[in-house]
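The values are calculated or read from the model by the stated rules, or taken from the named source; none is laboratory data. Keep in mind it's a predicted model, so treat the numbers as computed, not measured. Here Cβ is always computed from backbone atoms with ideal geometry, including for glycine, and neighbour counts include all displayed protein chains. Calculation scope for accessible area: heavy atoms of the full protein, side chains included, ligands and nucleic acids excluded. Shrake-Rupley method; radii C 1.70, N 1.55, O 1.52, S 1.80 Å.
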Amino acid sequence: MKRNLKELVGKMTLEEKAGLCSGLDFWHTKPIPRLDVPSVMVSDGPSGLRKQDLEGDHLGMNDSIKAVCFPSGCLTACSFDTELLQNLGEILGDECQAEDVSVILGPAINIKRSPLCGRNFEYLSEDPFLAGKLGAAYVKGVQSKNVGTSVKHFAANNQEFRRMSCSSNIDERALREIYLPAFEETVKEGKPDTIMASYNRVNGTFAVESKFLLTDLLRKEWGFKGYVVSDWGAVNDRVSGLKAGLDLEMPYSGGCTDKQIVQAVKSGKLSESVLDKAVERILRIVFKFVDSRKAGNFDKKAHQAEAVKIAQESMVLLKNDSNLLPLKKKDADDILFVGAFAKTPRYEGGGSSHINAWKVDSFLDAAKEAGISVKHLAGYDLKENKSKDKTLLEEAVAAAKKAKIVVIFAGLPDSYESEGYDRDHMKMPQNQDLLIEEIAKVQKNVVVVLHNGAPVEMPWANNVKAILESYLAGGGVGTAQFNLLFGDANPCGKLAETFPIKLEDNPSYLNFPGNGKDVNYAEGIFVGYRYYDKKNMEVLFPFGHGLSYTKFEYSDLKLSAKKITDEETLEVSVTVKNVGRREGKEIVQIYVAPKSPFREMRAQKELKAFAKVSLKPGESKTVKMTLAKRAFAMWSAALQDWFVPSGEYEILAAASSRDIRLCKSVSVASTQKLPFKVEPNTVFEELMEDEDAKEFAAPIVSAAFKGMSGGEDRGESSKTAVSDEMLWGMLKSMPLRSLRSFSSLNDADVVKLIEDINKKLKV
């Protein structure tokens, strides 16, 4: 149905328009019955439908409908699979249609700056390229069902501590290269219906009041066409937010902020045209859903099976010494399973994304369903996280001595990580670490299966043979674990974040979470693997790491050209062969590594393409990917644009950020030039580095050198005391104004010289 929204808005009273800009309650927009404007519902996500019809609250204290719980973002990101994320989105879109939900609040794509962030289990990755590609795929999937998404939390919402007031202070380059690209990619490629503005301030300004974020960047630069909604309770100054581009305030405001909008328009503080635009944006998305309403599919049994599949495709085999895994079903009698999580798994995070799961299958449930009888002991008490339960421990250790293999289910209890607060440390409960350490002393074949929303320290990692990272795997967790452990499925996930050896290794350690008013992102662009690579630092498990029950060989890396300009694309192909005995999937990662020296510090390498390929034993496939300008670019504050420094770049085909299989170089020539204006404090080295300036700067530099050295006739003792190397070292860092001290030029001469140089440079 084609609607004239401008005409509809023109029929509304000022009060009606203001009212549409805040919620009716926790989950619904306001209706205007006289104009046939309906109320529509939004609902939490992104790991499943958390629909609360009546007694609504944002943190999940009141029950929501029974729904399928899908794996959390921390796990789905490890799939490196855009098709899988799009399929997940399609399923959730179907469920939303079935339950009359117009917008699902997700995906959550903030960068994992610190492993301590309490909400990391929702977020996708430490890498913006990966987060953006997966976020866009999820959005496409949901919105293919005519249901909207709300991409969150825009922007730089990387901690829970004082999240509603603290300022994330980030330099321009880090903001552009690390914290914004995932949103940019998701907006440009996914075209989400809504964006959720975050609680926090960004460089002193509330995100919900930032014209730069909500209008200049989001709408003008990226082309966003939907509406911006506040995170629940994020609004500070409603009128300032509306001016900046915040359209919808959620939840209801009790009429308070509606009145503020009306008063601002009447007083002339707010142009009514600004309000009209916000109302039109909201109505466009409301009617997009209403006019495309269709029956949805909420087949819980079928969707539960999909949840298992997604978990299997995403879980990460971190370690598998001596090929201890997969386990053999015929040997089940000789295997001991230990840990409370085998019976009552932790499968999702706490807070607004918490799903009232329709079904949760544990590992023990899955084993029973498969007709396999297993020996299980609790090993630890989940409620006593710090205590040492001597009886449970001794019982498990005694049984472990008699077993051929011990599988320990361990991880973080619900109380350790949740929305609302950050973790204080990266440790697992003491009783679980102790259990693993003691069993490893008496048993050489130990497998650890982890349940956690973020990295944990593993002091026992070298003492166990295998580790399976389950993260928070949703309601199908137990079946997925059973299938992977016993080889009914082959692990193919890879880490979407780095696991440091200890918390203190993390680049944000000294600056997280700040003083409560400000948090300084002093590490700049060096987040996650970018930092560990630059420092050449050992990590527990690197970004992109993940093992399989088969092996893959890489060969025949090809580039479409040896030289390109920054306006051309580079085609990359690499052949992958399954050299093992099982069918499996490999995730090929392409990193770009700048090799030519450049004044601005850059990451050692960055992920710029990836592909997941399925191979039968002995099968080979050639994977093709394309690298465009942004694959080589950095943000230039001087240009206010993306800039590719001319030089050599290595193209790395890798199995992880630390497992580089093949490498080839390409020369990239920039078609842009960084602006260079000579000033009194421009140093001589800058003159000599600029291609245009150095030609006529050479005699000036030579004259300055002679002035400093006293000329070529200086004695040998003088040359020994003040070497040419020392003089050149000093000269390179000296500003042009110093010519008045080390040459015959006076102030006027220096000014004239600078003017002449700038004329030649045409600036």
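Take the conditions (1) without any contact (Cβ under 8 Å) to a residue 60 or more places away in the chain; (2) in contact with a Pro (Cβ under 7 Å, 6 or more places away or on another chain); (3) open to solvent by less than 10 Å² (accessible area, probe 1.4 Å); ASP433 misses just one of them, which is (3).
Within region 364-374, not a single residue is part of a loop (DSSP other than H, G, I, E, B) and crowded, with 19+ Cβ neighbours inside 10 Å. Any residue in region 234-249 that's over 14 Å from SER198 (Cα atoms): show its pairings with residues that are of a type in the set (Gly, Ala, Ser) and modelled with pLDDT under 95 at Cβ separation under 8 Å, as long as the two are six or more apart or on different chains. These pairs meet every condition: ARG238/SER253. Yes or no: ILE439 open to solvent by less than 10 Å² (accessible area, probe 1.4 Å), of a type outside the set (S, T, N, Q), at pLDDT 95 or above and in a helix (DSSP H, G or I)? Yes; evaluated as a whole, the condition is true for this residue. Pairs are defined by a Cβ separation below 9 Å, a sequence spacing of at least 6 or placement on different chains, a first member in region 589-601 that is under 15 Å from TYR649 (Cβ atoms) and in contact (Cβ under 8 Å) with a residue 60 or more places away in the chain, and a second member that is part of a loop (DSSP other than H, G, I, E, B) and among the aromatic types (Phe, Trp, Tyr); the pairs so defined are VAL592/PHE632. Reported count of residues in region 651-691, each being of a type in the set (A, V, I, L, M), under 32 Å from the mean Cα position of the chain (by Cα) and open to solvent by 30 Å² or more (accessible area, probe 1.4 Å), is 4.
Residues of region 590-612 that are over 29 Å from LEU674 (Cβ atoms) and surrounded by fewer than 20 Cβ atoms within 10 Å (Cβ to Cβ): ALA611, LYS612. ARG162 meets the conditions (1) surrounded by fewer than 22 Cβ atoms within 10 Å (Cβ to Cβ); (2) out of contact with any Phe, Trp or Tyr (no Cβ under 7 Å at 6 or more places or on another chain); (3) assigned to a helix (DSSP H, G or I) in every case but one. The failed one is (3). What are the residues in region 466-507 that are buried (at least 24 other Cβ atoms within 10 Å of the Cβ), assigned to a loop (DSSP other than H, G, I, E, B) and of a type in the set (Gly, Ala, Ser), if any? Result: SER470, ALA473, GLY474, GLY475, GLY476, GLY493, ALA496. Select from region 414-428 the residues that are modelled with pLDDT of 95 or more and not charged (D, E, K, R) and list them in ascending order. Correct list: HIS425, MET426, MET428.
Region 710-763 holds helices (runs of 4 or more DSSP H) entirely within its bounds, and those carrying 2 or more residues that are at pLDDT 80 or above, among the acidic types (Asp, Glu) and surrounded by fewer than 14 Cβ atoms within 10 Å (Cβ to Cβ) map to 747-761. Looking across region 335-351, the residues that are closer than 19 Å to CYS74 by Cα and either crowded, with 23+ Cβ neighbours inside 10 Å or in contact with a Leu (Cβ under 6 Å, 6 or more places away or on another chain) (or both) come down to PHE341, PRO345, ARG346, TYR347, GLU348, GLY349, GLY351. Somewhere in region 409-417, is a residue among the aromatic types (Phe, Trp, Tyr), within 28 Å of LYS330 (Cα to Cα) and assigned to a strand (DSSP E or B)? Within region 409-417 (the criterion being among the aromatic types (Phe, Trp, Tyr), within 28 Å of LYS330 (Cα to Cα) and assigned to a strand (DSSP E or B)), the answer is yes, since at least one residue qualifies.
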